[in-house]
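Okay, so here's the structure we're looking at.
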Amino acid sequence: MEQCAAPRASVARVAMSHGLNANIVHGRRKLACGIDAAATGPAPSPAAVPAKLAASLPRFVPVTLTSTASTPAPADIQIELRRGATAVKITWPVAVAADFAAWMRELLR
């Protein structure tokens, strides 16, 4: 909120720098300032938010994501097609998945 209140700050640019959609930040600013969501016009500065209201609002919490590299990637694409009593099992190398997608498009025409 402080970054958005800086002179000539762009809410969209601030939001993008934190990986957020600008609409989320705009909504958060309106909540922080006690503005009805249907109200129009720019949101007041976060400095204008009463301390009691600001303390009661939920805070953004940083989250650290860990890699899921422990799960091995599949070696092949496997698909089973059934039509009535006929079943066809197809195994295709993941390395050429684009070729598989093209083949499937042609098959399903």
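Tabulated data for the structure shown
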item	result
Output for the range 1-19, where each listed residue is assigned to a loop (DSSP other than H, G, I, E, B) and not hydrophobic (A, V, I, L, M, F, W, C)	P7, R8, S10, H18, G19
Residue under evaluation L31, criteria (1) in a loop (DSSP other than H, G, I, E, B); (2) surrounded by 10 or more Cβ atoms within 10 Å (Cβ to Cβ); (3) at pLDDT below 80, criterion not met	(1)
Among the candidates A38, A55, residue that is among the hydrophobic types (A, V, I, L, M, F, W, C), modelled with pLDDT under 80 and more than 26 Å from the chain's Cα centre (by Cα)	A55
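Residue-wise test of (1) in contact with a Phe, Trp or Tyr (Cβ under 7 Å, 6 or more places away or on another chain); (2) surrounded by 11 or more Cβ atoms within 10 Å (Cβ to Cβ); (3) hydroxyl-bearing (S, T, Y); (4) at pLDDT below 65.
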position	(1), (2), (3), (4)
G19	no, no, no, no
V25	no, yes, no, no
S45	no, yes, yes, yes
A48	no, yes, no, yes
V63	no, no, no, no
A75	no, no, no, no
L81	no, yes, no, no
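The values are calculated or read from the model by the stated rules, or taken from the named source; none is laboratory data. As the structure is a prediction and not an experimental result, all values here were calculated from the model. Here the Cβ is made from the backbone with ideal geometry for all residues, glycine too, and neighbour counts use every protein chain on show.
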